[in-house]
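The values are calculated or read from the model by the stated rules, or taken from the named source; none is laboratory data. The structure displayed is predicted, hence computed values, not measured ones. Note that we place each Cβ from the backbone using ideal geometry, even for glycine, and neighbour counts take in every protein chain shown.
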There are 2 protein chains.
Amino acid sequence: MKISELAETTGVPVATLKFYLREGVLAPGRALSRTQAEYDHDHVERVRLVRALADVGGLSIASIRRVLEVISEPGLGPADIMGAAQRAFLGADVTPDEGGELAGSPARDLFARMGWHVRPGNPALDDLDRAWAACLESGLGLDEDRMEKYAAAMLDVAAVDIGSAPADPTAAVRHVVLGTPLVDAVLVPLRRLAQQHTALDAHGSQ
Amino acid sequence: MKISELAETTGVPVATLKFYLREGVLAPGRALSRTQAEYDHDHVERVRLVRALADVGGLSIASIRRVLEVISEPGLGPADIMGAAQRAFLGADVTPDEGGELAGSPARDLFARMGWHVRPGNPALDDLDRAWAACLESGLGLDEDRMEKYAAAMLDVAAVDIGSAPADPTAAVRHVVLGTPLVDAVLVPLRRLAQQHTALDAHGSQ
(Lines give C-alpha, C1' and ligand atoms only; values in the text may rest on other atoms or scores of the structure.)
Protein backbone atom coordinates (compact mmCIF):
# COMPACT_ATOMS: atom_id res chain seq x y z
CA MET A 1 0.00 0.00 0.00
CA LYS A 2 1.05 3.62 -0.49
CA ILE A 3 1.79 5.92 2.45
CA SER A 4 -1.61 7.58 1.95
CA GLU A 5 -3.27 4.16 2.35
CA LEU A 6 -1.16 3.42 5.41
CA ALA A 7 -2.45 6.72 6.83
CA GLU A 8 -6.04 5.77 6.03
CA THR A 9 -5.75 2.26 7.49
CA THR A 10 -4.15 3.40 10.74
CA GLY A 11 -5.90 6.75 11.10
CA VAL A 12 -2.52 8.44 11.52
CA PRO A 13 -1.87 11.49 9.25
CA VAL A 14 0.79 11.21 6.51
CA ALA A 15 2.81 14.02 8.14
CA THR A 16 2.99 12.00 11.37
CA LEU A 17 4.02 8.85 9.48
CA LYS A 18 6.84 10.83 7.83
CA PHE A 19 7.90 12.03 11.28
CA TYR A 20 7.99 8.39 12.45
CA LEU A 21 10.12 7.47 9.41
CA ARG A 22 12.57 10.33 10.13
CA GLU A 23 12.75 9.38 13.81
CA GLY A 24 13.43 5.74 12.93
CA VAL A 25 10.46 4.29 14.80
CA LEU A 26 8.93 3.16 11.50
CA ALA A 27 11.01 1.18 8.97
CA PRO A 28 11.17 2.58 5.42
CA GLY A 29 8.83 1.01 2.91
CA ARG A 30 10.08 -0.98 -0.11
CA ALA A 31 11.16 1.70 -2.63
CA LEU A 32 9.11 1.65 -5.82
CA SER A 33 10.59 4.86 -7.24
CA ARG A 34 12.46 7.89 -5.93
CA THR A 35 9.26 9.30 -4.44
CA GLN A 36 7.11 6.25 -3.78
CA ALA A 37 7.42 3.33 -1.38
CA GLU A 38 5.30 0.29 -0.67
CA TYR A 39 4.12 -0.44 2.90
CA ASP A 40 2.71 -3.73 4.21
CA HIS A 41 0.92 -5.25 7.18
CA ASP A 42 4.06 -5.08 9.38
CA HIS A 43 4.03 -1.31 8.95
CA VAL A 44 0.38 -1.16 10.01
CA GLU A 45 1.17 -3.16 13.15
CA ARG A 46 4.21 -1.02 13.90
CA VAL A 47 2.27 2.24 13.55
CA ARG A 48 -0.45 0.91 15.89
CA LEU A 49 2.23 -0.06 18.42
CA VAL A 50 3.86 3.39 18.25
CA ARG A 51 0.48 5.10 18.71
CA ALA A 52 -0.40 2.93 21.68
CA LEU A 53 2.92 3.66 23.38
CA ALA A 54 2.60 7.38 22.67
CA ASP A 55 -1.11 7.90 23.41
CA VAL A 56 -1.70 5.49 26.26
CA GLY A 57 1.78 4.94 27.63
CA GLY A 58 2.65 8.62 27.29
CA LEU A 59 6.15 7.69 26.06
CA SER A 60 8.35 10.17 24.20
CA ILE A 61 9.71 9.36 20.74
CA ALA A 62 13.10 8.60 22.35
CA SER A 63 11.49 6.14 24.79
CA ILE A 64 9.48 4.55 21.98
CA ARG A 65 12.69 4.06 20.01
CA ARG A 66 14.26 2.26 22.99
CA VAL A 67 11.18 0.04 23.39
CA LEU A 68 11.34 -0.90 19.70
CA GLU A 69 15.05 -1.67 19.94
CA VAL A 70 14.39 -4.08 22.80
CA ILE A 71 11.59 -5.80 20.92
CA SER A 72 13.84 -6.37 17.90
CA GLU A 73 16.78 -7.86 19.84
CA PRO A 74 17.24 -11.49 18.78
CA GLY A 75 17.83 -14.44 21.10
CA LEU A 76 17.08 -12.94 24.48
CA GLY A 77 17.14 -15.42 27.34
CA PRO A 78 14.23 -15.46 29.78
CA ALA A 79 16.41 -13.97 32.53
CA ASP A 80 17.21 -10.90 30.41
CA ILE A 81 13.62 -10.10 29.55
CA MET A 82 12.70 -8.06 32.58
CA GLY A 83 15.98 -6.15 32.61
CA ALA A 84 15.68 -5.36 28.91
CA ALA A 85 12.06 -4.34 29.26
CA GLN A 86 12.74 -2.14 32.28
CA ARG A 87 15.77 -0.60 30.58
CA ALA A 88 13.47 0.41 27.73
CA PHE A 89 10.93 2.44 29.60
CA LEU A 90 13.02 3.51 32.55
CA GLY A 91 15.56 4.97 30.17
CA ALA A 92 18.53 3.57 32.05
CA ASP A 93 20.61 0.47 32.44
CA VAL A 94 19.14 -2.10 34.75
CA THR A 95 21.47 -4.92 33.90
CA PRO A 96 21.01 -8.34 35.51
CA ASP A 97 24.60 -8.47 36.75
CA GLU A 98 24.61 -5.09 38.45
CA GLY A 99 25.84 -5.36 42.02
CA GLY A 100 26.08 -3.12 45.05
CA GLU A 101 24.25 -2.85 48.32
CA LEU A 102 20.58 -1.96 48.54
CA ALA A 103 20.79 0.98 50.95
CA GLY A 104 21.08 4.75 51.17
CA SER A 105 17.54 5.99 50.52
CA PRO A 106 14.14 5.38 52.14
CA ALA A 107 12.98 3.14 49.26
CA ARG A 108 16.24 1.16 49.23
CA ASP A 109 16.16 0.72 53.00
CA LEU A 110 12.55 -0.44 52.84
CA PHE A 111 13.18 -3.11 50.19
CA ALA A 112 16.36 -4.28 51.90
CA ARG A 113 14.31 -4.85 55.07
CA MET A 114 11.56 -6.58 53.08
CA GLY A 115 14.15 -8.81 51.39
CA TRP A 116 13.13 -7.88 47.85
CA HIS A 117 15.46 -8.70 44.94
CA VAL A 118 15.78 -5.20 43.59
CA ARG A 119 18.92 -3.76 41.91
CA PRO A 120 20.27 -0.72 43.81
CA GLY A 121 20.63 1.11 40.48
CA ASN A 122 17.03 0.59 39.38
CA PRO A 123 15.79 4.12 38.62
CA ALA A 124 12.31 3.19 39.84
CA LEU A 125 13.85 3.40 43.33
CA ASP A 126 14.59 7.09 42.79
CA ASP A 127 11.10 7.63 41.35
CA LEU A 128 9.67 5.98 44.44
CA ASP A 129 11.82 8.08 46.78
CA ARG A 130 10.58 11.26 45.06
CA ALA A 131 6.91 10.22 45.06
CA TRP A 132 7.13 9.10 48.70
CA ALA A 133 8.73 12.38 49.74
CA ALA A 134 5.99 14.32 47.92
CA CYS A 135 3.35 12.37 49.86
CA LEU A 136 5.02 13.15 53.17
CA GLU A 137 5.49 16.83 52.26
CA SER A 138 1.78 17.08 51.50
CA GLY A 139 0.90 15.74 54.91
CA LEU A 140 -0.13 12.29 53.72
CA GLY A 141 1.09 10.12 56.55
CA LEU A 142 2.39 7.40 54.24
CA ASP A 143 4.36 5.34 56.73
CA GLU A 144 6.36 2.18 56.08
CA ASP A 145 3.55 -0.10 57.18
CA ARG A 146 1.21 1.41 54.59
CA MET A 147 3.95 1.37 51.95
CA GLU A 148 4.50 -2.35 52.56
CA LYS A 149 0.79 -2.98 51.97
CA TYR A 150 0.91 -1.08 48.68
CA ALA A 151 4.04 -3.05 47.74
CA ALA A 152 2.24 -6.34 48.48
CA ALA A 153 -0.65 -5.34 46.20
CA MET A 154 1.81 -4.40 43.43
CA LEU A 155 3.46 -7.81 43.86
CA ASP A 156 0.09 -9.36 42.96
CA VAL A 157 -0.04 -7.07 39.91
CA ALA A 158 3.51 -8.06 38.87
CA ALA A 159 2.63 -11.75 39.23
CA VAL A 160 -0.23 -11.23 36.74
CA ASP A 161 2.04 -9.16 34.45
CA ILE A 162 4.70 -11.83 34.32
CA GLY A 163 2.42 -14.87 34.59
CA SER A 164 0.54 -13.75 31.49
CA ALA A 165 3.70 -13.23 29.38
CA PRO A 166 4.13 -15.58 26.42
CA ALA A 167 6.91 -18.22 26.53
CA ASP A 168 8.80 -16.92 23.47
CA PRO A 169 11.44 -14.46 24.80
CA THR A 170 10.97 -11.77 22.15
CA ALA A 171 7.21 -11.92 22.50
CA ALA A 172 7.64 -11.81 26.28
CA VAL A 173 9.75 -8.64 26.09
CA ARG A 174 7.15 -7.07 23.86
CA HIS A 175 4.46 -8.15 26.29
CA VAL A 176 6.18 -6.60 29.32
CA VAL A 177 7.42 -3.46 27.55
CA LEU A 178 4.02 -2.80 26.05
CA GLY A 179 2.07 -4.01 29.02
CA THR A 180 3.84 -1.89 31.58
CA PRO A 181 2.64 1.56 30.44
CA LEU A 182 -0.59 0.27 28.90
CA VAL A 183 -1.58 -1.55 32.08
CA ASP A 184 -0.59 1.49 34.22
CA ALA A 185 -3.41 3.25 32.33
CA VAL A 186 -5.73 0.38 33.29
CA LEU A 187 -4.73 0.34 36.96
CA VAL A 188 -5.42 4.04 37.55
CA PRO A 189 -9.18 3.88 36.76
CA LEU A 190 -9.40 0.45 38.42
CA ARG A 191 -8.15 2.04 41.64
CA ARG A 192 -10.79 4.82 41.40
CA LEU A 193 -13.52 2.22 40.88
CA ALA A 194 -12.20 0.05 43.70
CA GLN A 195 -12.31 3.11 45.97
CA GLN A 196 -15.94 3.76 45.04
CA HIS A 197 -16.87 0.11 45.52
CA THR A 198 -15.14 0.02 48.91
CA ALA A 199 -16.76 3.30 50.03
CA LEU A 200 -20.28 2.38 48.88
CA ASP A 201 -19.94 -1.13 50.24
CA ALA A 202 -18.87 0.15 53.65
CA HIS A 203 -21.69 2.71 53.83
CA GLY A 204 -24.36 0.30 52.59
CA SER A 205 -25.64 2.51 49.76
CA GLN A 206 -26.84 1.41 46.31
CA MET B 1 5.23 37.52 55.88
CA LYS B 2 5.46 39.38 52.57
CA ILE B 3 4.87 37.65 49.24
CA SER B 4 8.64 37.62 48.64
CA GLU B 5 9.09 35.73 51.91
CA LEU B 6 6.27 33.33 50.99
CA ALA B 7 8.18 32.68 47.75
CA GLU B 8 11.40 32.07 49.66
CA THR B 9 9.79 29.74 52.22
CA THR B 10 7.97 27.62 49.63
CA GLY B 11 10.54 27.79 46.83
CA VAL B 12 7.81 28.97 44.45
CA PRO B 13 8.57 32.14 42.41
CA VAL B 14 6.56 35.33 43.15
CA ALA B 15 5.18 35.32 39.57
CA THR B 16 3.76 31.82 40.13
CA LEU B 17 2.25 32.87 43.48
CA LYS B 18 0.55 35.80 41.73
CA PHE B 19 -0.78 33.38 39.13
CA TYR B 20 -2.19 31.21 41.96
CA LEU B 21 -3.85 34.31 43.49
CA ARG B 22 -5.42 35.26 40.14
CA GLU B 23 -6.63 31.69 39.58
CA GLY B 24 -8.16 31.57 43.04
CA VAL B 25 -6.21 28.56 44.27
CA LEU B 26 -4.43 30.74 46.83
CA ALA B 27 -6.45 33.02 49.15
CA PRO B 28 -5.48 36.71 49.19
CA GLY B 29 -3.25 37.80 52.05
CA ARG B 30 -4.38 40.28 54.70
CA ALA B 31 -4.12 43.71 53.00
CA LEU B 32 -1.56 46.00 54.68
CA SER B 33 -1.71 48.69 52.01
CA ARG B 34 -2.81 48.98 48.39
CA THR B 35 0.28 47.15 47.22
CA GLN B 36 1.25 44.97 50.17
CA ALA B 37 -0.38 41.99 51.85
CA GLU B 38 0.54 39.77 54.76
CA TYR B 39 0.72 35.99 54.34
CA ASP B 40 0.78 33.36 57.08
CA HIS B 41 1.38 29.68 57.73
CA ASP B 42 -1.94 28.67 56.09
CA HIS B 43 -0.69 30.22 52.85
CA VAL B 44 2.54 28.23 53.08
CA GLU B 45 0.57 25.00 53.55
CA ARG B 46 -1.77 25.87 50.71
CA VAL B 47 1.09 26.62 48.28
CA ARG B 48 2.72 23.29 49.17
CA LEU B 49 -0.55 21.49 48.53
CA VAL B 50 -1.02 23.20 45.15
CA ARG B 51 2.55 22.30 44.14
CA ALA B 52 2.12 18.68 45.16
CA LEU B 53 -1.11 18.36 43.18
CA ALA B 54 0.45 20.04 40.14
CA ASP B 55 3.90 18.44 40.17
CA VAL B 56 3.16 14.95 41.39
CA GLY B 57 -0.53 14.57 40.65
CA GLY B 58 -0.17 16.26 37.27
CA LEU B 59 -3.44 18.14 37.87
CA SER B 60 -4.39 21.24 35.86
CA ILE B 61 -5.21 24.51 37.63
CA ALA B 62 -8.93 23.84 37.00
CA SER B 63 -8.66 20.40 38.64
CA ILE B 64 -6.67 21.85 41.53
CA ARG B 65 -9.41 24.44 42.06
CA ARG B 66 -12.01 21.67 42.27
CA VAL B 67 -9.89 19.71 44.75
CA LEU B 68 -9.55 22.79 46.95
CA GLU B 69 -13.32 23.44 46.78
CA VAL B 70 -13.98 19.92 48.02
CA ILE B 71 -11.52 20.29 50.86
CA SER B 72 -13.17 23.50 52.03
CA GLU B 73 -16.75 22.16 52.05
CA PRO B 74 -17.99 22.13 55.65
CA GLY B 75 -19.90 19.31 57.32
CA LEU B 76 -19.45 16.49 54.85
CA GLY B 77 -20.83 13.16 56.01
CA PRO B 78 -18.62 10.08 55.76
CA ALA B 79 -20.80 8.66 52.95
CA ASP B 80 -20.20 11.77 50.77
CA ILE B 81 -16.44 11.73 51.09
CA MET B 82 -15.60 9.34 48.30
CA GLY B 83 -18.10 10.88 45.88
CA ALA B 84 -16.81 14.37 46.61
CA ALA B 85 -13.21 13.30 46.30
CA GLN B 86 -13.78 11.44 43.06
CA ARG B 87 -15.82 14.34 41.67
CA ALA B 88 -12.82 16.56 42.28
CA PHE B 89 -10.20 14.73 40.29
CA LEU B 90 -12.42 12.99 37.78
CA GLY B 91 -13.87 16.37 36.81
CA ALA B 92 -17.43 15.08 36.75
CA ASP B 93 -20.39 14.42 38.98
CA VAL B 94 -20.27 11.12 40.76
CA THR B 95 -23.13 11.70 43.13
CA PRO B 96 -24.03 9.07 45.70
CA ASP B 97 -27.69 8.98 44.62
CA GLU B 98 -27.02 8.46 40.94
CA GLY B 99 -29.03 5.53 39.60
CA GLY B 100 -29.19 3.53 36.39
CA GLU B 101 -28.06 0.10 35.33
CA LEU B 102 -24.38 -0.92 35.19
CA ALA B 103 -24.22 -2.12 31.59
CA GLY B 104 -23.40 -1.10 28.05
CA SER B 105 -19.58 -1.17 27.91
CA PRO B 106 -16.92 -3.84 28.55
CA ALA B 107 -15.93 -2.27 31.90
CA ARG B 108 -19.57 -1.87 33.03
CA ASP B 109 -20.40 -5.44 32.04
CA LEU B 110 -17.34 -6.71 33.91
CA PHE B 111 -18.17 -4.93 37.17
CA ALA B 112 -21.86 -5.90 36.93
CA ARG B 113 -20.77 -9.53 36.70
CA MET B 114 -18.32 -9.08 39.58
CA GLY B 115 -21.05 -7.46 41.70
CA TRP B 116 -19.09 -4.29 42.38
CA HIS B 117 -20.88 -1.21 43.72
CA VAL B 118 -19.86 1.17 40.98
CA ARG B 119 -22.02 4.04 39.63
CA PRO B 120 -22.75 3.66 35.90
CA GLY B 121 -21.87 7.35 35.40
CA ASN B 122 -18.43 7.10 37.03
CA PRO B 123 -16.06 8.52 34.38
CA ALA B 124 -13.35 6.08 35.49
CA LEU B 125 -15.42 3.43 33.69
CA ASP B 126 -14.89 5.27 30.39
CA ASP B 127 -11.18 5.68 31.17
CA LEU B 128 -10.99 1.97 31.82
CA ASP B 129 -12.84 1.13 28.58
CA ARG B 130 -10.38 3.28 26.63
CA ALA B 131 -7.29 1.86 28.32
CA TRP B 132 -8.57 -1.69 27.95
CA ALA B 133 -9.31 -1.16 24.24
CA ALA B 134 -5.80 0.25 23.74
CA CYS B 135 -4.32 -2.90 25.33
CA LEU B 136 -6.33 -5.16 23.05
CA GLU B 137 -5.48 -3.08 19.95
CA SER B 138 -1.80 -3.40 20.79
CA GLY B 139 -2.10 -7.18 20.91
CA LEU B 140 -1.90 -7.43 24.70
CA GLY B 141 -4.29 -10.30 25.37
CA LEU B 142 -5.82 -8.67 28.42
CA ASP B 143 -8.81 -10.94 28.94
CA GLU B 144 -11.48 -10.70 31.63
CA ASP B 145 -9.76 -13.23 33.86
CA ARG B 146 -6.59 -11.13 33.95
CA MET B 147 -8.62 -7.94 34.40
CA GLU B 148 -10.37 -9.45 37.42
CA LYS B 149 -6.98 -10.22 38.97
CA TYR B 150 -5.83 -6.62 38.47
CA ALA B 151 -9.14 -5.44 39.95
CA ALA B 152 -8.60 -7.64 43.01
CA ALA B 153 -5.14 -6.14 43.56
CA MET B 154 -6.57 -2.61 43.24
CA LEU B 155 -9.22 -3.54 45.82
CA ASP B 156 -6.35 -4.21 48.24
CA VAL B 157 -4.91 -0.79 47.34
CA ALA B 158 -8.30 0.91 47.88
CA ALA B 159 -8.66 -0.79 51.26
CA VAL B 160 -5.33 0.76 52.31
CA ASP B 161 -6.35 4.15 50.81
CA ILE B 162 -9.61 4.24 52.73
CA GLY B 163 -8.45 2.41 55.84
CA SER B 164 -5.71 4.98 56.37
CA ALA B 165 -8.07 7.99 56.05
CA PRO B 166 -8.57 10.07 59.20
CA ALA B 167 -11.98 9.98 60.94
CA ASP B 168 -12.72 13.71 60.52
CA PRO B 169 -14.70 14.05 57.25
CA THR B 170 -12.93 17.12 55.90
CA ALA B 171 -9.54 15.65 56.69
CA ALA B 172 -10.68 12.38 55.08
CA VAL B 173 -11.67 14.15 51.84
CA ARG B 174 -8.32 15.88 51.80
CA HIS B 175 -6.62 12.54 52.44
CA VAL B 176 -8.37 10.80 49.54
CA VAL B 177 -8.24 13.73 47.11
CA LEU B 178 -4.56 14.27 47.78
CA GLY B 179 -3.71 10.62 48.18
CA THR B 180 -5.24 9.47 44.93
CA PRO B 181 -2.86 11.20 42.49
CA LEU B 182 0.08 11.23 44.89
CA VAL B 183 -0.19 7.51 45.57
CA ASP B 184 -0.66 6.79 41.82
CA ALA B 185 2.88 8.18 41.52
CA VAL B 186 3.99 5.74 44.24
CA LEU B 187 2.29 2.71 42.71
CA VAL B 188 3.92 3.09 39.28
CA PRO B 189 7.53 2.64 40.49
CA LEU B 190 6.36 0.03 43.02
CA ARG B 191 4.99 -2.04 40.12
CA ARG B 192 8.33 -1.76 38.26
CA LEU B 193 10.21 -2.89 41.37
CA ALA B 194 7.74 -5.71 42.01
CA GLN B 195 8.29 -6.88 38.42
CA GLN B 196 12.06 -6.91 38.93
CA HIS B 197 11.75 -8.73 42.24
CA THR B 198 9.39 -11.31 40.70
CA ALA B 199 11.63 -11.82 37.66
CA LEU B 200 14.88 -12.10 39.64
CA ASP B 201 13.22 -14.30 42.23
CA ALA B 202 11.91 -16.67 39.55
CA HIS B 203 15.24 -16.86 37.73
CA GLY B 204 17.31 -17.27 40.85
CA SER B 205 19.75 -14.43 40.20
CA GLN B 206 21.28 -12.06 42.78
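Of note:
- Qualifying residue in the range B:74-88 (condition: at pLDDT 70 or above, touching a helix residue (DSSP H, G or I) at 6+ places or on another chain (Cβ under 8 Å) and crowded, with 16+ Cβ neighbours inside 10 Å): no
- Pick from the range A:126-149, criterion touching a residue at least 12 places away in the same chain (Cβ under 8 Å) and either in a loop (DSSP other than H, G, I, E, B) or within 7 Å of chain B (Cβ to nearest Cβ) (or both), ranking: farthest from B:Thr180 (Cα to Cα): A:Leu128
- Residue in the range A:153-171 that is more than 26 Å from B:Glu148 (Cα to Cα) and either more than 7 Å from every other protein chain (Cβ to nearest Cβ) or touching a strand residue (DSSP E or B) at 6+ places or on another chain (Cβ under 7 Å) (or both) present: yes
- Index of the failed condition, B:Trp116 passing every other in (1) modelled with pLDDT of 70 or more; (2) assigned to a helix (DSSP H, G or I): (2)
- Just one of the numbered conditions (1) at pLDDT 85 or above; (2) more than 7 Å from chain A (Cβ to nearest Cβ) is not true of B:Val188: (2).
- Where A:Leu59 falls short, out of the listed (1) modelled with pLDDT under 85; (2) within 14 Å of A:Val177 (Cα to Cα); (3) not in a loop (DSSP other than H, G, I, E, B): (3)
- Residues that are surrounded by 14 or more Cβ atoms within 10 Å (Cβ to Cβ) and more than 17 Å from A:Ser72 (Cβ to Cβ), drawn from the range A:15-37: A:Thr16, A:Leu17, A:Phe19, A:Gly29, A:Ala37
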